[in-house]
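The values are calculated or read from the model by the stated rules, or taken from the named source; none is laboratory data. Fair warning: this is a prediction, and the values are worked out from it, not measured in the lab. What goes into the accessible areas is simple: the full protein's heavy atoms, side chains included, and nothing from ligands, DNA or RNA. Shrake-Rupley method; radii C 1.70, N 1.55, O 1.52, S 1.80 Å.
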Amino acid sequence: MADTNHADVKKLSFEKAIDELASIVKRLEDGKVPLEESVAIYERGEALKRRCEELLKQAEARVEKITLDAAGEPKGTEPLDVK
């Protein structure tokens, strides 16, 4: 059931996912959401969080670091070491 309800999350851009996640956090922090709805939106929030993490990892994989030659001039790029 959760996969069906959150399938659209996989199609969201980072910006839309993070905006919706922020909205969910605010609603939960306000404490005015009934328990059952709180659980449902919390689950959606988890799916949105995973989507944002996935998109960030993809972006990090594409980031490259500029390499310099002995004279300090740019000579190319190499994958960024994010460890």
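Observations, loosely collected:
- Whole-Hz ³J(HN,Hα) from phi, Karplus 6.51 cos²θ - 1.76 cosθ + 1.60, for segment 9-16, glycine and proline x: 4, 5, 9, 6, 6, 4, 4, 5
- Ranking R27, R51, R62 from most to least accessible surface, computed with a 1.4 Å probe over the protein chains only, gives R62, R27, R51.
- Computed extension gain for E36 through A61, at 0.36 nm per residue and net of the alpha carbon distance, reaches 5.2 nm.
- Listed by chain and number, the lysines whose C-alpha is less than 29 Å from the C-alpha of K10, apart from same-chain residues fewer than 8 away, are K26, K32, K49, K57, K65, K83.
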